[in-house]
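What follows is a short report on a single structure.
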Amino acid sequence: MGNASEINVVEDESSIECGKQKSEENLKKGEAKELEDEELSVERMFENKEASSWRKQLSVRAFAVGFLLSLLFSCIVMKLNLTTGIIPSLNISAALLGFFFVKIWTKLMAKFGMLTHPFTRQENTVIQTCVTASSGIAFSGGFGSYLLAMSERVAKQSEDSRDGLDYKNISLGWMIIFLAAVSFLGLFCVAPLSKVMIINFKLTYPSATATANLINSFHTPQGVKLAKKQVRELGKFFSYTFLWGFFQWFFQTEDDCGFSSFPTFGLKALENRFYFDFSTTYVGVGMICPRIINVSLLVGGIISWGIMWPLIETRKGSWYSADLPSSSLQGLQGYKVFIGIAMILGDGIYFSFKLLFLAVARYAAKLREKNANMQIPVSQHSSPSTTFKSYDERCRTQFFLKYQVPTWFAIGGYIIIASITTAALPHILHQLKWYFLFGTLTRIFHQLKWYYITVLYIFGPSLAFCNAFGCGLTDWSLASAYGKLAIFAIGAWAGASHGGILVSLAACGVMMNIVTTASDLMQDFKTGYLTMSSPRSMFVSQAIGTAMGCVISPCVFWIFYKAIPDLGLPTSNYPAPYATIYYNIAKLGVEGPSALPYYCMKLCYVFFAAAILINLIRDVLGKKRSWFIPLPTAMAIPFYLGAYFTIDMCVGSLLLYIWQKINKAKADAFGPAVASGLICGEAMWAFPSSVLALAGVKPPICMKFLSRKTNSKVDNFLRS
């Protein structure tokens with residue numbers, strides 16, 4: 001970039017030096033500090049390994065391994081997306097498995113004398129970027145939220161009348177086209193800001209930093225040994241959990257059969273969704289997620305299914321009609337869905353304003369710092385900046401700035417892609433002769449007018465910046481909050497008579513993909529900065545991974561969708577809770593709250609305010625004293641689903657806590673690998689089980705649990 005219009009509050013690019021070239025003042029003021037940092041320097045360990053150019057970092061073997069891992073991680077994310085919607089960061093797992101597979105590749109090539117160049121940390125970073133970009137589409141593609149919410153299956157749960165339902169059944173072809181149209185814009189809108197966020201503001205991006213540190217350690221002699229042990233642990237637990245998933249399959253002919261419906265705390269607790277369902281996936285997720293997330297989930301489950309829903313159910317006939325089906329949103333189901341939505345919206349709005357405030361405050365502080373440093377030098381060797389930069393920082397900054405993505409390329413790419421998709425989606429698709437494949441998409445985009453898309457593209461870069469900035473500060477993406485904002489804005493604009501529900505859900509998809517891809521790319525830039533990987537190779541890897549995800553994720557989802565007839569229903573093992581939530585958010589934005597049950601809206605106001613108040617209390621107390629205050633969004637998730645998966649996650653958190661008490665060093669070193677094995681094994685079993693379902697192969701046994709009274713009736717019936 002290097003534009004005069006850009007903010008530069010650190011120093012001019014020409015003053016950045018690596019190795020022997022240092023200014024006289026830095027030698028005087030920083031000599032002692034540098035000598036102290038020499039022993040801690042990461043780049044000193046790689047001093048004899050020159051970083052390759054950005055084109056050489058993009059190797060064929062890196063993308064071949066990236067493709068294989070994308071298949072694996074897309075299955076994992078898809079299962080999590082369609083069950084509870086809680087998806088932990090899988091960057092570290094991707095980096096670890098990428099290292100393992102390429103090491104096998106290089107050993108085989110070396111044996112046959114075909115190894116042309118060694119495996120580098122930059123190549124490892126490219127693999128991790130490609131995999132996370134591809135599997136990220138499984139989340140931002142909306143297969144468990146806005147995309148599935150368009151289907152008839154979800155609409156029928158949310159509407160009492162079966163006439164005139166506002167839905168469009170999804171198909172594989174148009175999912176791929178839609179994602180290809182909206183998934184690349186986020187890459188271009190924040191690429192010009194990489195220097196500002198990474199170099200000037202020095203945003204931490206905790207997950208990206210942790211991944212970079214792990215990749216750096218892998219490529220040291222000690223790190224190679226540790227990585228081999230970690231991979232061995234991951235493989236061991238992967239095998240165990242895959243076989244455990246296979247074993248459980250034999251006992252699950254129906255959804256309410258098998259270990260997933262085991263009455264751990266009794267049949268009454270099972271009825272209220274309190275049980276341990278033997279899911280190693282969520283035990284592993286619990287080991288990765290922060291303890292406060294797991295506790296917040298459990299607290300939300302207790303408040304809702306342990307207290308609120310039983311109390312509201314006693315008001316049947318008063319607060320809502322006793323004749324309504326259990327799925328009706330004018331009954332108890334309405335309280336479950338909309339109170340949870342109120343908490344999620346309150347949390348999202350609070351964090352949006354908080355991050356906007358932090359961004360403005362950080363920007364103002366940097367400007368004050370710049371103005372304070374712009375003074376007349378008192379000697380010929382004086383420098384406006386007195387900030388000492390370590391050897392690592394000088395080397396990384398020089399390399400990062402050398403291979404930046406050109407500003408003209410990023411801005412031009414955004415304008416071109418935005419122009420093409422704005423013109424193409426409403427007009428070109430209906431001209432396609434393959435109407436049998438794209439007919440549904442055509443009808444949706446006849447309603448999604450070009451001016452709706454234009455407004456989204458105008459505001460998209462600003463919201464993408466906010467999300468990327470907030471992610472750098474807190475490691476928390478607010479993509480879903482910005483998606484909901486698009487639902488309300490475009491839905492109210494379109495109105496119910498012009499397909500407002502479907503239009504707003506499609507608008508949500510456009511916005512979510514822009515802001516998610518933008519924050520993912522900035523995290524990859526941070527990882528690349530810390531591993532001396534070129535921003536250009538990160539950009540290309542992210543683009544290739546996104547292209548892979550636009551095909552892989554819809555195909556994986558389509559297998560699930562066809563293999564599981566009740567996918568998306570509350571009684572299913574794959575309830576896709578966010579699909580129902582997103583449909584009803586769209587309905588609320590278009591039609592207003594008039595159809596909600598009695599007192600529901602008042603309770604929504606209370607919980608909306610409670611979410612904001614809880615966040616205020618957390619911020620006032622500070623990080624050290626707010627560890628016992630739950631997180632509102634995490635509390636809201638079990639309101640609709642129940643507490644069963646929260647118990648699994650708390651078990652995982654408890655196991656990790658005990659392990660850390662026994663041997664903290666070993667737990668910290670191998671905990672992520674064990675958790676990844678627990679997640680990957682059972683999640684991968686979901687793929688062959690779906691194939692078996694498509695082939696018509698059903699489990700042979702249904703294991704159910706009955707009360708003593710019911711069991712006696714069954715025995716008497718069988719004897720008669």
Q: Enumerate the pairs (first residue in region 82-98 and more than 22 Å from G141 (Cα to Cα); second residue anywhere and among the aromatic types (F, W, Y) and open to solvent by less than 10 Å² (accessible area, probe 1.4 Å)) with beta-carbon separation below 9 Å, excluding pairs fewer than 6 apart on the same chain, so at least 6 apart or on different chains.
A: A95/F218; L96/F218; L97/F73
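Somewhere in region 613-625, is a residue part of a helix (DSSP H, G or I) and crowded, with 23+ Cβ neighbours inside 10 Å?
Taking every residue of region 613-625 in turn, none turns out to be part of a helix (DSSP H, G or I) and crowded, with 23+ Cβ neighbours inside 10 Å.
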Q) Scanning region 269-295 for residues that are part of a loop (DSSP other than H, G, I, E, B) and among the hydroxyl-bearing types (S, T, Y), which turns out modelled with the lowest pLDDT? A) S279
**Q.** Index of the failed condition, A191 passing every other in (1) modelled with pLDDT under 85; (2) under 25 Å from F465 (Cβ atoms); (3) of a type outside the set (D, E); (4) surrounded by 24 or more Cβ atoms within 10 Å (Cβ to Cβ)
**A.** (1)
Q. Before we move on, is I349 in a helix (DSSP H, G or I), open to solvent by 30 Å² or more (accessible area, probe 1.4 Å) and more than 25 Å from K79 (Cα to Cα)?
A. yes
Q. Has region 93-108 got at least one residue that is under 30 Å from T580 (Cα atoms), open to solvent by less than 40 Å² (accessible area, probe 1.4 Å) and among the β-branched types (V, I, T)?
A. no
Q. So, of the residues in region 288-344 that are more than 30 Å from L656 (Cβ to Cβ) and aromatic (F, W, Y), which turns out to be nearest to the chain's Cα centre (by Cα)?
A. F338
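Residue-wise test of (1) within 30 Å of F276 (Cα to Cα); (2) over 26 Å from the mean Cα position of the chain (by Cα).
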| residue | (1), (2) |
| --- | --- |
| I612 | no, no |
| L621 | no, yes |
| F628 | yes, no |
| T633 | yes, no |
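So, in region 482-493, exactly how many residues are hydrophobic (A, V, I, L, M, F, W, C) and surrounded by 24 or more Cβ atoms within 10 Å (Cβ to Cβ)?
Number of matching residues: 3.
Does L656 count as over 28 Å from I559 (Cα atoms) and either of a type in the set (A, V, I, L, M) or crowded, with 21+ Cβ neighbours inside 10 Å (or both)? Steps first, please.
Details: over 28 Å from I559 (Cα atoms): yes; either of a type in the set (A, V, I, L, M) or crowded, with 21+ Cβ neighbours inside 10 Å (or both): yes.
Judged against the criteria, L656 is a match.
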Q | Filter result (touching a Phe, Trp or Tyr at 6+ places or on another chain (Cβ under 8 Å) and within 25 Å of L270 (Cβ to Cβ)) within region 661-720 | A | L678, E682, W685, A686, S689, P699, P700, I701, C702, M703, F705
Q) Does region 140-153 include one or more residues that are open to solvent by 40 Å² or more (accessible area, probe 1.4 Å) and either more than 30 Å from V590 (Cα to Cα) or assigned to a loop (DSSP other than H, G, I, E, B) (or both)? A) no
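The values are calculated or read from the model by the stated rules, or taken from the named source; none is laboratory data. Being a predicted model, the structure only gives us computed values, none of them experimental. Don't worry about glycine lacking a Cβ; one is built from the backbone with ideal geometry, like all the others, and counts go over all protein chains shown. Only protein heavy atoms, including side chains, enter the accessible area calculation; ligands, DNA and RNA are left aside. Shrake-Rupley method; radii C 1.70, N 1.55, O 1.52, S 1.80 Å.
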